[in-house]
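Asker: This is the structure, below, for whatever I ask next.
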């Protein structure tokens with residue numbers, strides 16, 4: 001099972017500037033909250049929060065929130081520097097638990113490649129969709145990166161961390177059909193999603209199949225929450241705009257989704 005070259009091959013520079021671990025360090029030292037970033041003197045002017053349009057206050061932080069059928073979207077919540085730091089962490093995850101191509105119960109290969117981090121990982125094969133405590137190779141799943149946990153604790157809960165962070169890689173021509181996230185035991189917990197790399201056309205439907213849908217382009221650094229009445233909406237990715245981002249040298253999109261499983 002080969003690692004994804006677009007992820008593992010990311011160099012130590014981004015747009016000519018060497019990556020810094022400063023922001024990641026602030027997350028760790030501040031308990032993993034966006035409020036901690038501002039207390040360290042890193043505020044909106046530094047691009048951590050990039051508000052425009054309608055803003056929502058959370059503690060002493062301000063950020064844009066866009067609602068699409070109840071799905072809460074935080075455009076550009078992760079700055080370019082934090083995106084680069086997170087990709088570096090994902091490279092380490094991929095070395096421990098390489099990307100693989102899942103298949104459906106009928107044996108059809110999916111177009112995405114995936115791996116996971118956390119106590120459990122999502123897999124799909126002829127036995128169906130499910131969570132497993134080990135990678136298909138038998139290796140343990142890596143720990144969820146601190147930046148991801150920081151976002152979860154700030155936007156969802158500081159008392160319960162996610163069990164799984166699913167890591168999907170979309171290459172050129174990759175898409176994801178409309179589906180529900182319903183392999184978890186308790187739907188009261190929302191799903192947190194992070195977009196990295198190329199833009200993806202995200203489609204949202206209804207809680208039942210059929211009916212009208214709406215779409216929005218998700219860009220690198222966008223974060224969204226599917227919770228409440230939107231927890232079980234059908235959603236998918238129609239296509240990616242390959243080459244629209246320089247975050248991954250060879251192009252493509254990474255999507256992280258965090259879930260409480262048990």
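Let's see how each residue does on (1) under 27 Å from residue 80 (Cα atoms); (2) modelled with pLDDT of 95 or more:
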residue: 119; (1), (2): no, yes
residue: 123; (1), (2): no, no
residue: 128; (1), (2): no, no
residue: 147; (1), (2): yes, yes
residue: 153; (1), (2): yes, yes
residue: 156; (1), (2): yes, yes
residue: 161; (1), (2): yes, yes
residue: 165; (1), (2): yes, yes
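Asker: State all residues of the stretch 87-109 that are in contact (Cβ under 8 Å) with a residue 60 or more places away in the chain and touching a strand residue (DSSP E or B) at 6+ places or on another chain (Cβ under 7 Å); if no residue qualifies, say none.
Answerer: 87, 90, 93, 94, 98, 99, 100
Asker: When the stretch 201-231 is examined, which residues are found to be within 15 Å of residue 181 (Cβ to Cβ) and in contact with a strand residue (DSSP E or B) (Cβ under 8 Å, 6 or more places away or on another chain)?
Answerer: Passing the criteria: 202, 203, 204, 205, 209, 224, 225, 226, 227, 230, 231.
Asker: A follow-up question, please. Kindly indicate which of 195, 215 is out of contact with any helix residue (DSSP H, G or I) (no Cβ under 8 Å at 6 or more places or on another chain) and more than 30 Å from residue 160 (Cβ to Cβ).
Answerer: 215
Asker: Could you run through the stretch 70-83 and say how many residues are over 16 Å from residue 149 (Cα atoms) and either assigned to a helix (DSSP H, G or I) or in contact with a helix residue (DSSP H, G or I) (Cβ under 6 Å, 6 or more places away or on another chain) (or both)?
Answerer: 4
Asker: Of all residues in the stretch 51-69 being in a loop (DSSP other than H, G, I, E, B) and either in contact with a strand residue (DSSP E or B) (Cβ under 8 Å, 6 or more places away or on another chain) or within 21 Å of residue 227 (Cβ to Cβ) (or both), which is modelled with the highest pLDDT?
Answerer: Filtering first and then ranking leaves 69.
Asker: Closer than 19 Å to residue 131 by Cβ and within 17 Å of the chain's Cα centre (by Cα) - does that describe any residue in the stretch 239-253?
Answerer: Of all residues in the stretch 239-253, those closer than 19 Å to residue 131 by Cβ come to none.
So far as the stretch 239-253 goes, no, none of its residues is closer than 19 Å to residue 131 by Cβ and within 17 Å of the chain's Cα centre (by Cα).
Asker: Output the residues belonging to the stretch 95-115 that are part of a strand (DSSP E or B) and more than 12 Å from residue 254 (Cα to Cα).
Answerer: 100, 103, 109
Asker: A further question on this structure: So for the stretch 129-138 (the condition being under 27 Å from residue 247 (Cβ atoms) and without any contact (Cβ under 8 Å) to a residue 40 or more places away in the chain), does at least one residue qualify?
Answerer: yes
Asker: Sticking with this structure for a sec: Identify the single condition in (1) out of contact with any helix residue (DSSP H, G or I) (no Cβ under 6 Å at 6 or more places or on another chain); (2) in a loop (DSSP other than H, G, I, E, B) that residue 92 does not satisfy, given that it satisfies every other one.
Answerer: Answer for residue 92: the failing condition is (2).
Asker: If residue 48 meets every condition in (1) crowded, with 21+ Cβ neighbours inside 10 Å; (2) at pLDDT 95 or above; (3) touching a helix residue (DSSP H, G or I) at 6+ places or on another chain (Cβ under 7 Å) apart from one, which number is that one?
Answerer: Looking at each condition in turn, residue 48 falls short on (2).
Asker: Here's another thing I want to ask about it. Quick one: which strands (runs of 3 or more DSSP E) sit completely within the stretch 144-262 and have at least 1 residues that are surrounded by fewer than 18 Cβ atoms within 10 Å (Cβ to Cβ)? Explain how you work it out, then say what you get.
Answerer: Working: elements: 164-170, 176-179, 191-197, 199-204, 214-218, 223-226, 235-241, 253-259.
By residue number, 176-179, 199-204, 214-218, 235-241.
The values are calculated or read from the model by the stated rules, or taken from the named source; none is laboratory data. In this text, all values refer to a predicted model and were calculated from it rather than measured experimentally. Note: ideal-geometry Cβ built from the backbone for every residue, glycine included; neighbour counts use all protein chains shown.
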